[in-house]
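Values quoted throughout were computed directly from the atomic coordinates according to the rules given, and no laboratory measurement underlies them. Given the structure is predicted, the values throughout are model-derived calculations rather than measurements. Neighbour counts are summed over all protein chains in view; Cβ atoms, including those assigned to glycine, are modelled from backbone coordinates with ideal geometry.
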Amino acid sequence: MSAVISLLRPQQWLKNGFVLIGLIFSHGWADPDLVFGVAVGFLSFCLASSAVYVLNDYHDRAADAAHPKKRHRAIASGRVGLREARVLIAVLFCGALGLPLACGQWPVALVVAGYLVLNIAYTLRLKHKVLVDVFCIAAGFMLRLACGTYAVGITPSRWMLLCSFMLTLFLGFAKRRAEIVAMPAGGLAMQGSTRIVLRHYSAPLLDNLVAITASASLLTYGLYTVDAETAALHGTEHLVLTLPIVTFGVFRYLHLLYKGESGEEPGRDLLADNQIRVAVLAWVAVVVLLVGT
């Protein structure tokens with residue numbers, strides 16, 4: 001059972017929090033129908049993302065077995081058999097699509113189906129295409145956001161959409177930089193690596209892409225806080241006061257990335273650093289104070 005749980009990667013379900021963004025920023029938590037639709041979407045994406053992880057591990061089992069770290073994964077190590085993995089994939093796929101359909105949330109099911117199709121293509125081919133791989137990751141997050149907004153009848157802010165897109169690109173390129181720096185000879189020695197696409201990246205290129213997307217993330221978030229629609233929705237024109245906190249969080253993450261202490265697992269890294277955790281709590285506190293007054 002522990003091997004199956006590790007195969008599902010429940011720690012990665014934090015990424016599905018993107019489904020909740022629309023509900024939170026639209027003040028939709030007072031509408032039971034919206035809350036129900038978003039909850040169904042969140043649970044469906046947890047099932048779908050786990051299905052994708054199992055599929056990826058099943059597809060890459062031979063390469064993982066030759067990798068110094070990934071050889072300990074459940075399928076590569078043989079702790080979960082191939083037949084059991086196939087059954088698990090089928091159950092998770094059916095659950096991810098069946099749950100929203102059973103609850104009458106067919107738009108959610110449509111978005112989840114799109115996510116599954118995208119990730120099947122990513123696992124089989126697109127993850128080996130330079131730049132396309134990171135844009136696929138960003139598309140996965142945008143589908144989560146779409147599930148929690150358009151699919152349940154919430155109209156998201158255009159600046160929120162742009163900020164989310166640039167932020168996911170930033171984290172994706174930061175992840176690739178951490179991976180390539182961790183490889184011998186700056187990423188050129190790829191023996192035992194399952195990340196073939198790293199052959200087509202370079203640290204200088206990724207440095208530029210990280211800088212561009214980090215800057216764009218902060219710019220679009222700042223524009224979101226001063227947008228007239230945002231002020232009207234939240235009843236305050238002072239959300240821009242949260243921009244220094246967000247800026248510190250991004251800069252702190254960059255510091256950890258270039259220090260070599262983060263990047264490969266963004267979800268884990270964002271929770272592991274005390275200063276980032278304090279920044280998140282400070283951001284929440286300021287937002288609650290501004291919106292609640």
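Order 52-58, 120-126 from most to least packed using the mean count of other Cβ atoms within 10 Å.
Details: 52-58: 22.1, 120-126: 15.6.
Ranked by mean Cβ neighbours within 10 Å, highest first: 52-58, 120-126.
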Next on the checklist: Given 10 °C and 1.306 mPa s, compute D for the chain with the Stokes-Einstein relation, Rh being the Kirkwood radius over Cα pairs; round to the nearest whole µm²/s.
Outcome noted: 79
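How do 129, 15, 259 rank when sorted from fewest to most other Cβ atoms within 10 Å of their own Cβ?
Ranked by crowding around the Cβ, least crowded first: 259, 129, 15.
What is the local net charge at residue 279, summed over the other residues whose Cβ is closer than 14 Å to its Cβ (Lys, Arg +1; Asp, Glu -1)? All intermediate terms of the calculation are to be shown ahead of the outcome.
Working: positive: 252, 277; negative: 269, 273.
Its environment carries a net charge of 0.
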Checklist outcome for this item: At 20 °C and 1.002 mPa s, the Stokes-Einstein diffusion coefficient in µm²/s for the stretch 71-113, with hydrodynamic radius from the Kirkwood sum on alpha carbon pairs, is 182
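Taking every pair of Cα atoms in the stretch 31-75, average 1/r, invert it to obtain the Kirkwood radius, and report Rg/Rh to two decimals. Mind dumping the intermediate values first?
Numbers: Rg = 16.2 Å, Rh = 12.4 Å.
That ratio equals 1.31.
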Checklist entry - What is the order of 225, 155, 149, fewest Cβ neighbours within 10 Å to most? => result 155, 225, 149
Checklist entry - If you place +1 on the Cβ of every Lys and Arg and -1 on the Cβ of every Asp and Glu, how big does the dipole about the Cα centre of the chain come out, in debye to the nearest 20? => result 1140
Item to check | Largest-first principal axis extents, alpha carbons of the stretch 157-293, Å | outcome: 57, 29, 20
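Ignoring everything except DSSP H segments at least 4 long, calculate the 222 nm mean residue ellipticity for the chain; use -39,500 (n - 2.57) per segment, divide by total residues, nearest 500. Walk me through the numbers on the way to the answer.
On the way: 13 runs with 204 residues, N = 293.
The helix-only estimate for the chain comes to -23000 deg cm²/dmol at 222 nm.
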Checklist entry - If you take the charge dipole of the chain about its Cα centre, with +1 on Lys and Arg Cβ and -1 on Asp and Glu Cβ, which of 114, 28, 197 is farthest toward its positive end? => result 197
Checklist outcome for this item: Once normalised by the length of the chain, the mean sequence separation of its alpha carbon contacts under 8 Å that are 6 or more apart gives a contact order in percent of 18
Checklist entry - Once Lys and Arg get +1 and Asp and Glu get -1 on their Cβ, which of 81, 19, 100 lies farthest toward the positive end of the dipole of the chain? => result 81
Checklist outcome for this item: For the stretch 157-293, averaging the sequence separation of alpha carbon pairs under 8 Å that lie six or more residues apart and dividing by its residue count, the contact order in percent is 28
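Span-like helices, the chain: DSSP H, alpha-carbon axial extent 30 Å or more, mean Kyte-Doolittle 0.5 or greater, which ones?
Details: long enough: 32-59 (40 Å, 1.12); 158-182 (36 Å, 0.96); 203-226 (35 Å, 1.15).
TM-like helix candidates: 32-59, 158-182, 203-226.
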Next on the checklist: If neighbour count is taken as other Cβ atoms inside 10 Å, put 159, 106 in order from fewest to most.
Outcome noted: 106, 159
